[in-house]
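Scroll down for the structure; my scribbles are underneath it.
The values are calculated or read from the model by the stated rules, or taken from the named source; none is laboratory data. All of these numbers come straight from a predicted model, not from anything done at the bench. In this analysis, Cβ positions are derived from the backbone assuming ideal geometry, glycine residues included, and neighbour counts consider all displayed protein chains.
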Amino acid sequence: SAAEKGGYDYFMLKEIAEQPKAVADTLLGRIDASGSLTLDEVRIPASVLREVDKVVIVACGTAYHAGLIAKLAIEHWTRIPCETELASEFRYRDPILDQRTLVVAISQSGETMDTLMALRHAREQGAKVLAICNTNGSTIPRESDAVLYTHAGPEVAVASTKAFLTQLVACYLVALYLGQVRGTKWGDEVGAVVRELSDIAGAVDAVLETMEPVRALARSLADKNTVLFLGRHVGYPVALEGALKLKELAYMHAEGFAAGELKHGPIALIEKDLPVVVVVPSPRGRSVLHDKIVSNIQEIRARGARTIVIAEEGDQAVVPYADHLVRIPATPTLLQPLVATVPLQVFACELATARGNEVDQPRNLAKSVTVE
Ligand code: AGP
């Protein structure tokens with residue numbers, strides 16, 4: 001009913017709008033005023049976490065994209081080797097797991113069969129499993145050694161939005177907690193990240209306030225067949241997520257690429273007027289990557305692509321090559337997906353509506369996939 005949707009036409013729109021609160025709720029009580037993390041609910045003893053020599057993340061779909069970003073955060077902040085794997089592939093490749101492996105299973109519903117089977121396999125091999133989950137008492141947390149709940153509230157739309165942002169928050173918390181427990185020597189960088197993470201809900205809100213041009217752009221592209229998404233570093237999983245949203249909602253051919261791979265094949269796809277969304281890393285921080293992606297934008301534009309550029313406020317280098325420029329607030333590099341994903345969600349939702357598709361219940365899809 002309209003009341004359930006809180007005045008929005010679709011659950012997806014409501015859930016997109018709820019993201020600042022979902023993010024704040026997931027952070028609540030987990031970072032104290034001094035910047036240290038209290039995750040007592042993660043009932044894996046510190047002594048066990050100190051011995052972990054590898055982290056393996058398993059998940060599907062959107063949760064998998066959160067896991068790809070988590071890998072970058074975990075390795076950068078803790079220096080523990082981490083891999084992220086599609087849960088549906090995991091147990092079929094004889095993965096190397098033992099008592100010192102921490103497996104993180106990410107699932108909104110807590111009922112995804114592929115993820116459940118992956119975590120069962122991991123536990124059989126002696127690994128410890130930590131679930132990141134949005135559904136209290138669901139199967140995945142029940143079968144895990146510990147759980148960190150995301151507090152997104154119920155997500156009804158099949159296309160995941162607020163669950164994704166809260167999965168990212170939970171992943172950052174796990175990464176920082178691992179570093180804290182293990183006494184990782186951090187410089188000022190991580191202190192600043194913790195402070196910015198504590199306030200990030202405001203940045204998500206600021207993005208939501210500026211989405212009207214993105215909606216207008218989406219409507220203008222309703223008759224296109226293909227949209228490509230490019231990113232690097234954390235922007236690559238964001239590109240994959242933008243493409244997944246467009247596939248499931250708009251039923252369009254959408255693909256995400258690591259921008260550095262363009263020249264190894266995908267650049268052959270670029271033709272006149274092809275919409276290409278580019279997620280640009282911060283010009284501060286990893287500025288080498290920023291400069292490389294600016295050349296990628298130049299290259300595709302020279303071949304006629306219509307460039308839709310998502311870039312930090314104040315990034316002037318992209319301006320000459322952006323047919324459409326979407327500004328996002330400046331954040332530390334690793335946190336950028338929390339703001340960069342939001343325009344892609346809005347874009348996909350509006351394109352789906354413009355194409356007359358059922359936004360909350362896309363064809364052929366179920367909210368939770370309980371078969372392998
Ligand atoms: C996302 O928009 C999807 N509908 C889908 O990829 C989903 O994220 C995936 O099936 C995993 O679900 P889960 O988080 O409930 O395990």
Residues that are near the ligand (Cβ under 9 Å from one of its atoms) and not hydrophobic (A, V, I, L, M, F, W, C), drawn from segment 97-116 | S107, Q108, S109, G110, E111, T112, D114, T115
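If you take the residues in segment 128-146 that are aliphatic (A, V, I, L, M) and buried (at least 23 other Cβ atoms within 10 Å of the Cβ), which one is nearest to the ligand (Cβ to nearest atom)?
I140
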Within segment 336-346, is even one residue away from the ligand (no atom under 16 Å from the Cβ), buried (at least 21 other Cβ atoms within 10 Å of the Cβ) and part of a loop (DSSP other than H, G, I, E, B)?
-> yes
Filter segment 60-88 down to residues that are surrounded by 21 or more Cβ atoms within 10 Å (Cβ to Cβ) and among the β-branched types (V, I, T) and give me whichever is farthest from the ligand (Cβ to nearest atom).
-> T78
Filter result for L335 (under 25 Å from A192 (Cβ atoms) and not basic (K, R)) | yes
How many residues does segment 319-335 contain that are in a helix (DSSP H, G or I) and either at pLDDT 95 or above or among the hydrophobic types (A, V, I, L, M, F, W, C) (or both)?
-> 5
When you go through Q298, Q316 one by one, which is the residue that is touching a Phe, Trp or Tyr at 6+ places or on another chain (Cβ under 8 Å) and either farther than 30 Å from K5 by Cα or part of a helix (DSSP H, G or I) (or both)?
-> Q298
Does segment 17-25 contain at least one residue that is away from the ligand (no atom under 16 Å from the Cβ), loosely packed, with under 13 Cβ neighbours inside 10 Å and either charged (D, E, K, R) or farther than 23 Å from F347 by Cβ (or both)?
-> no
Which one of the conditions (1) at pLDDT below 95; (2) outside any helix (DSSP H, G or I) does T307 fail to meet, given that it meets all the rest?
-> (1)
For segment 235-289, which residues satisfy the criterion of being surrounded by fewer than 24 Cβ atoms within 10 Å (Cβ to Cβ), in a loop (DSSP other than H, G, I, E, B) and among the aliphatic types (A, V, I, L, M)?
-> M252, I270, L274
Is it true that Y177 is farther than 30 Å from A250 by Cα and touching a strand residue (DSSP E or B) at 6+ places or on another chain (Cβ under 6 Å)?
-> yes
Residue satisfying all of: in segment 158-180; of a type in the set (G, A, S) and part of a helix (DSSP H, G or I); nearest to the ligand (Cβ to nearest atom) among these | A163
Wholly inside segment 4-98, helices (runs of 4 or more DSSP H) that include 2 or more residues that are touching a residue at least 60 places away in the same chain (Cβ under 8 Å) are 11-17, 19-27, 46-51, 61-78
